[in-house]
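In what follows, a single structure is set out as structure tokens and then discussed.
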Amino acid sequence: MRNNETILLGHGSGGRLTHDLIRDLFVKYFKNEILQTQGDSAILNFSNDKLAFTTDSFVVDPIFFPGGNIGNLAIAGTVNDLAVSGAEPKYLSAGFILEEGLSFEYLEKIVKTMAEEADKAGVQIVTGDTKVVERGKCDKIFINTSGIGTLFPNTEGIVMGDHIQIGDKIIINGYIGDHGMAVMSARNNLKINSNIISDCACLNKLIEKALQFGHDVKFMRDATRGGLGTVLAELCEHKSFGINLLEENIPVRENVRGMCELLGFDPLYVANEGKVVMVVAKAYADKILSSLRQHPLGKDASIIGEIVEQHPGRTWLLTSIGGKRIVDMPAGEQLPRIC
């Protein structure tokens, strides 16, 4: 990180620069056993219960995009971070930084959407804060949400993937890249009629179906800023196993694929806001897949790869034409201000 004397957009990408910033600065100074797990939520001990606690900030541009807005994005992002940590989301906080001149009509739409999304997820927004800054000191609205949930039984270690074994299967619950390309198409300087809708959604009810299989679900992560590729590259980095991804099994809509090709993006690294990546036991993979497909947010779920003994620490993509390429964490920012 010291090679850069200033913060770059790439530090917010979810890729290599983000990884290094967290490791070399935040973990260095905030160091403790809970933080060092670096899961999507911190697992806390309170009496007889274990709590998951997470926080996230949302600065998406534009604040309204096909399929959602910054409000339901803020709720879904935090709910999903709790859910993939093996927790049942319970309570959220909401902090708003508002720019002078923001339309009350826009703000009301955003707040109403947040309430509707929270109700669908079965969570309550129980505390919050609002600050207003001078015109030009903020881009319309920034939102911070924090969340607390109670850990389900048999989910400890799921944030780290402690029990992953050779032969385990990798599942994703549907099409990738929808959110990133929906936001990109809505940018003021990009006039493309793509008909792409963000996948922004709370996944906690879907994830509960998978967690019924207990220890056979060994790892979960939502594939947000850095996309599917970053999640899997990070999962096997410095580990004794590798990952093989099957390109032909990874769901990508044709309009998303076409827009990525037009703009020079790789769908593997495009942000999602309604996709969970799971590593599950080989023996139960088909049953878990079938269970996910019974839920509307999992009807397009697919087994997209497996944990392998070969090339430890590396993720390889086995292409549809028979080739191979390494899937690594991106060094910089593909799409800034995407969440």
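Details
- Packing-based exposure ordering (other Cβ within 10 Å, fewest first) of 29, 175: 29, 175
- Positive-pole candidate from 96, 318, 118, dipole of the chain, charges at beta carbon: 318
- For region 226-339, the share of DSSP beta bridges that are antiparallel, to the nearest 5, is 65%.
- Note on the chain: with charges restricted to the Cβ of Lys and Arg (+1) and Asp and Glu (-1), its dipole about the Cα centre is near 240 debye.
- Among 300, 178, 24, the residue with the largest mean-square fluctuation in a Gaussian network model of the chain, with springs joining Cα atoms closer than 10 Å, is 24.
- Region 169-327 - convex hull of alpha carbons, volume per residue in Å³: 112
- Gained length - residue 208 relative to residue 23, 0.36 nm times residue gap less alpha-carbon distance: 63.5 nm
- Modelled spin-label separation between residue 93 and residue 254, with each label point placed 7 Å from Cα along the Cα-to-Cβ direction: 4.8 nm.
- Segment residue 131-residue 64, length gained on full extension (0.36 nm per residue, minus Cα span): 22.1 nm
- Extension gain, residue 262 back to residue 38 (0.36 nm per residue minus Cα-Cα distance, nm): 77.1 nm
- Rough spin-label spacing in nm, given labels placed 7 Å along Cα→Cβ, for residue 112 and residue 337: 2.5
- In terms of surrounding Cβ atoms within a 10 Å radius of their Cβ, 170, 250, 63 rank from fewest to most as 250, 63, 170.
- Simple rule: put +1 on each Lys or Arg Cβ and -1 on each Asp or Glu Cβ in the chain, find the dipole, and look at 145, 232, 85; the Cα lying farthest toward the positive end is 232.
- Residues whose placed amide H lies under 5 Å from that of residue 67, excluding near-sequence neighbours: 198
- Most mobile listed residue (302, 146, 320) in the chain, GNM with C-alpha springs under 10 Å: 320
- Neighbour-count order for 275, 50, 287, fewest beta carbons within 10 angstrom listed first: 287, 50, 275
- Taking amide H as placed 1.01 Å from N in the peptide plane, residue 52 has its amide H under 5 Å from the amide H of 44, 149, 150, 151, each at least 5 places away in sequence or on another chain.
- Remark on the chain: Rg and Dmax equal 19.2, 58 Å (Cα only).
No lab work stands behind these numbers, since they all come straight from the coordinates. Here the structure is a predicted model, which is why all the values come from computation and not from measurement. Counting neighbours? That spans all protein chains shown, and the Cβs are built from the backbone with ideal geometry, glycine included.
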